[in-house]
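Comments concern the structure below.
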Amino acid sequence: MIHQSLYYTFSMFRGSQSPFTPSAHERFNPLQKIAYLSVMLILTPIIIITGILFSDIVYFLDIIKYIGGVRILDAIHVATGYAFLLYLIVHLYMSTLGYRIVSHIKAMITGYGEENDE
C-alpha cells in the first residue's frame with residue numbers, strides 16, 4: 001500500500017512503472033480496494049442514514065438528540081458529502097491517467113485495456 005501511495009504521489013509523474021500489476025484474480029490495488037470499500041460500506045450508509053433522519057426531524061427527534069442534535073447530524077451529513085465529492089474528483093482525475101487520456105474510460109466501457117506499444 002505504501003509503494004502504491006508513493007507511486008501515485010511521485011513516481012507516476014516521473015514515468016515509473018506501477019508497483020501493482022492487475023491479474024485475473026486481483027483487479028484492484030490496495031488503495032483502490034480501500035477507497036471502494038470505504039465508499040460502499042462506510043460513506044454510502046452514513047449519507048443514507050443521515051438523509052433519512054433529515055427526512056422527518058420531528059419523527060426521528062429522539063435519535064437525532066442521541067446523536068447530538070441537528071447541528072451534529074448536519075455536520076456528519078455535509079462532511080460525508082464532501083468526502084463523496086473528493087472521491088469523485090480523484091476518481092475522475094485518475095481515470096484520465098492512462099496511456100491516452102481516454103484509455104481507462106474506454107477500458108471501463110469495452111472491458112479491454114489499452115497499453116503503450118513501447
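The values are calculated or read from the model by the stated rules, or taken from the named source; none is laboratory data. Since the structure is predicted, the reported quantities are computational estimates derived from the model, not experimental observations. Positions of Cβ are backbone-derived with ideal geometry, glycine not excepted, and every protein chain shown enters the neighbour counts.
Overview of results
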{"read-out": "Qualifying residue in the stretch 45-56 (condition: within 23 Å of Gly81 (Cβ to Cβ) and not in a helix (DSSP H, G or I))", "value": "yes"}
{"read-out": "Some residue of the stretch 70-84 being aromatic (Phe, Trp, Tyr), assigned to a helix (DSSP H, G or I), touching a residue at least 24 places away in the same chain (Cβ under 8 Å) and surrounded by 13 or more Cβ atoms within 10 Å (Cβ to Cβ)", "value": "yes"}
{"read-out": "Leading residue by the ranking (modelled with the lowest pLDDT) among those in the stretch 7-33 that are among the aliphatic types (A, V, I, L, M) and surrounded by 13 or more Cβ atoms within 10 Å (Cβ to Cβ)", "value": "Met12"}
{"read-out": "Near pairs, Cβ below 9 angstrom, 6+ apart or cross-chain, from the stretch 98-115 (assigned to a helix (DSSP H, G or I)) to any residue that is of a type in the set (A, V, I, L, M) and at pLDDT 80 or above", "value": "His104/Met94"}
{"read-out": "Pick from the stretch 85-108, criterion over 22 Å from Thr9 (Cβ atoms) and surrounded by 12 or more Cβ atoms within 10 Å (Cβ to Cβ), ranking: nearest to the chain's Cα centre (by Cα)", "value": "Ile105"}
